[in-house]
Amino acid sequence: MSALHVPNADPAVTVTGLRRAYGRRVVIDALDLRIERGEFVALLGESGCGKTTLLRALAGLDPIQAGRIDAPGKPAVVFQEPRLLPWDSLWRNVSLGLPEHGAREAAAAALAEVGLGNRLDDWPRTLSGGQAQRVALARALVQEPELLLLDEPFAALDALTRIRMHGLVKELVARHRPGVLLVTHDVEEAIRLADRILVMRDGAIAAEHLPETAADPQRFRALLLAELGVQGSAAA
Amino acid sequence: MSSLDSSFGVRRAATPQAPAAAKRVRRPISDGQHRIGTRAHVALSWIAPLLLLAVWEGLARNGWIEPQVLPAPSKVVATAWKLGLHGTLLRDLGTSLLRAAAGFAIGGGIGFALGTLVGFSRLAEALIDRSVQMIRAIPFLALLPLVIVWFGVGEGQKIFLVSLGVAFPVYINTTLGIRQVDPKLLELGRVRGLSTALLIRRIVLPGALPSILTGVRYALATAWLALVVAETIGAQAGLGFLAMDAREFLRTDVIVLTIVIYALIGVLADSLARLLERRLLAWHPNYGAGR
Ligand SMILES: Nc1ncnc2c1ncn2[C@@H]1O[C@H](COP(=O)(O)OP(=O)(O)OP(=O)(O)O)[C@@H](O)[C@H]1O
Ligand SMILES: [Mg+2]
């Protein structure tokens with residue numbers, strides 16, 4: 001996999017020989033991964049192959065059984081659900097964990113970036129699903145993370161909102177330049193957003209692609225789907 | 001009904017009257033139509049009690065009911081006025097309230113502290129929870145004779161009994177509330193690098209608050225019940241004393257008065273608790289007045 005790598009001395013995270021097991025069931029084994037700062041990586045894989053498990057390990061949420069994870073800073077995470085604290089206003093949600101001093105200003109700036117700059121003092125329950133997920137994005141970015149972990153953050157959104165979110169995420173990532181790992185089921189989403197696409201199988205990275213270099217988008221898509229174990233759709 | 005509805009017209013959620021009606025009958029879902037229905041309903045529901053009061057007044061005045069069995073409502077009001085002005089009513093009321101407050105503070109404090117401990121720590125749960133649950137199985141009023149042996153019939157007995165009644169609901173609802181805090185939010189707190197103290201302050205306690213306040217409301221009712229019983233058994237002052245003293249002289253007007261006061265304070269305490277809920281849980285769709 002290193003053949004595809006552009007040499008760069010500024011990794012957002014480096015993973016070597018990672019092993020993660022739930023009890024005796026090994027979900028991830030001998031996994032290597034490196035994400036550069038400013039690089040957008042999408043992670044595809046069948047349901048249950050261990051994508052969330054990998055992301056949680058990178059976030060430091062779960063213990064690992066072997067290997068190393070080297071990340072210079074504290075990663076920020078956006079989950080599939082917004083996970084907003086219902087008892088805190090939007091700006092308090094966004095600034096959760098920041099030092100009190102200047103928290104409101106920082107939150108206001110981040111909310112403005114996701115187009116919710118006029119809703120600082122609103123309750124989360126007054127938001128639509130897409131708006132709530134934008135707040136979660138603002139909350140992640142206000143940390144100025146070196147590594148941004150996204151676990152199917154758009155899965156619950158309608159198609160139209162999802163396309164808008166793609167644009168927003170792309171723009172924000174270009175501005176803040178964290179390393180990004182986006183877990184997704186959506187091949188289209190991966191192609192549209194990622195600099196590099198990883199396919200996970202049997203607890204390790206099975207394939208790696210650079211969508212930029214794909215000559216024929218149709219065949220590239222079919223190839224990805226085949227790698228995900230979806231047969232027959234290659235003809236379509 | 002339909003003419004009533006149209007006279008109310010279409011009412012937006014922001015009108016001040018609408019939440020006022022909604023809070024009386026707390027409903028998770030309240031659309032505009034429902035509120036109008038509720039308002040009319042509230043008005044109608046007052047007819048029967050008022051009618052009953054009028055019938056009682058009429059019967060008592062005409063001597064159909066002996067004054068020693070039940071005095072007329074107007075007589076009770078007059079007695080209230082007289083006792084309030086010249087008698088010991090206010091002092092007795094103060095004594096009772098003070099007892100309730102002291103018992104509530106002590107019992108609530110202990111219940112909250114133990115509940116928090118058990119909610120957080122498996123070890124504390126193992127050590128404390130079973131004993132508390134066993135004591136809780138006793139109807140606390142059954143302890144009364146024992147409590148009198150321990151404390152006599154002084155202030156200690158009354159405050160102890162109230163504390164006992166208050167501690168359990170607060171304890172149970174505190175542990176329950178803490179356990180029910182969404183683990184996903186706790187995980188979020190960890191991702192954000194919150195210290196344990198911050199995690200408790202920003203996520204655990206706010207998340208447990210609805211349940212804790214339910215416990216407080218429940219405890220208010222038990223506290224009041226405990227006080228009534230404790231005061232009736234033996235007291236030299238307080239509302240219960242007033243009632244028992246009046247019994248000696250067959251002053252049913254005074255007895256009825258104390259009963260009414262007990263009821264009024266119960267209602268008052270409950271609406272206070274509700275007010276607290278609405279203020280502290282403004283974020284909650286089921287309690288908040290909305291924005
Ligand atoms: N807490 C857990 N305890 C035991 N096994 C688990 C636990 N969480 C996940 N697993 C198992 O680990 C494997 C990988 O799960 P994971 O959630 O990482 O999958 P995923 O790739 O994210 O799937 P999806 O695309 O459906 O979200 C699955 O076989 C799952 O059953
Ligand atoms: Mg997953």
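Quick look at the values:
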{"quantity": "The listed residue being under 21 Å from the mean Cα position of the chain (by Cα) and either among the charged types (D, E, K, R) or open to solvent by 60 Å² or more (accessible area, probe 1.4 Å) (or both), out of B:P169, B:P139", "calculated": "B:P139"}
{"quantity": "Per-region count, region A:41-70, residues more than 13 Å from A:V26 (Cβ to Cβ), more than 16 Å from ligand 2 (Cβ to nearest atom) and among the polar types (S, T, N, Q)", "calculated": "0"}
{"quantity": "Among (1) of a type in the set (A, V, I, L, M, F, W, C); (2) open to solvent by 30 Å² or more (accessible area, probe 1.4 Å); (3) within 14 Å of chain A (Cβ to nearest Cβ); (4) touching a helix residue (DSSP H, G or I) at 6+ places or on another chain (Cβ under 6 Å), the one test that B:I212 misses", "calculated": "(2)"}
{"quantity": "Sole exception among (1) touching a Pro at 6+ places or on another chain (Cβ under 8 Å); (2) open to solvent by 10 Å² or more (accessible area, probe 1.4 Å); (3) in contact (Cβ under 8 Å) with a residue 60 or more places away in the chain; (4) not basic (K, R) for A:L147, by number", "calculated": "(2)"}
{"quantity": "In region B:174-219, the residues that are in contact (Cβ under 8 Å) with a residue 40 or more places away in the chain and of a type in the set (D, E, K, R)", "calculated": "B:R179, B:R217"}
{"quantity": "Single match in A:L55, A:L43 (criterion: within 12 Å of ligand 1 (Cβ to nearest atom) and in contact with a helix residue (DSSP H, G or I) (Cβ under 6 Å, 6 or more places away or on another chain))", "calculated": "A:L43"}
{"quantity": "Residue within region B:227-235 that is away from chain A (no Cβ under 14 Å) and not in a helix (DSSP H, G or I) present", "calculated": "yes"}
{"quantity": "Residue that is surrounded by the most Cβ atoms within 10 Å (Cβ to Cβ), among those in region A:118-141 that are within 12 Å of another protein chain (Cβ to nearest Cβ) and touching an Asp or Glu at 6+ places or on another chain (Cβ under 9 Å)", "calculated": "A:A136"}
{"quantity": "Of all residues making up region B:235-289, the number that are out of contact with any helix residue (DSSP H, G or I) (no Cβ under 9 Å at 6 or more places or on another chain) and surrounded by 13 or more Cβ atoms within 10 Å (Cβ to Cβ)", "calculated": "1"}
{"quantity": "Options A:T184, A:T161: the member that is more than 13 Å from every other protein chain (Cβ to nearest Cβ) and either at pLDDT 95 or above or open to solvent by 20 Å² or more (accessible area, probe 1.4 Å) (or both)", "calculated": "A:T161"}
{"quantity": "So B:V153, is it touching a residue at least 40 places away in the same chain (Cβ under 8 Å) and not in a helix (DSSP H, G or I)", "calculated": "yes"}
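Residues checked against (1) open to solvent by less than 40 Å² (accessible area, probe 1.4 Å); (2) within 16 Å of ligand 1 (Cβ to nearest atom):
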{"position": "A:P63", "(1), (2)": "no, yes"}
{"position": "A:K74", "(1), (2)": "no, no"}
{"position": "A:Q80", "(1), (2)": "no, yes"}
{"position": "A:W91", "(1), (2)": "no, no"}
{"position": "A:H101", "(1), (2)": "no, no"}
{"position": "A:E105", "(1), (2)": "no, no"}
{"position": "A:E113", "(1), (2)": "no, no"}
{"position": "A:L116", "(1), (2)": "yes, no"}
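Here is a yes/no grid of residues against (1) part of a strand (DSSP E or B); (2) of a type outside the set (A, V, I, L, M, F, W, C):
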residue	(1), (2)
A:T161	no, yes
A:A174	no, no
A:A207	yes, no
A:A215	no, no
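The values are calculated or read from the model by the stated rules, or taken from the named source; none is laboratory data. Here the structure is a predicted model, which means the values were calculated and not measured. So basically every Cβ, Gly included, is an ideal-geometry build from the backbone, and we count neighbours across all protein chains shown. With ligands, DNA and RNA removed, areas are computed over all heavy atoms of the protein, side chains included. Shrake-Rupley method; radii C 1.70, N 1.55, O 1.52, S 1.80 Å.
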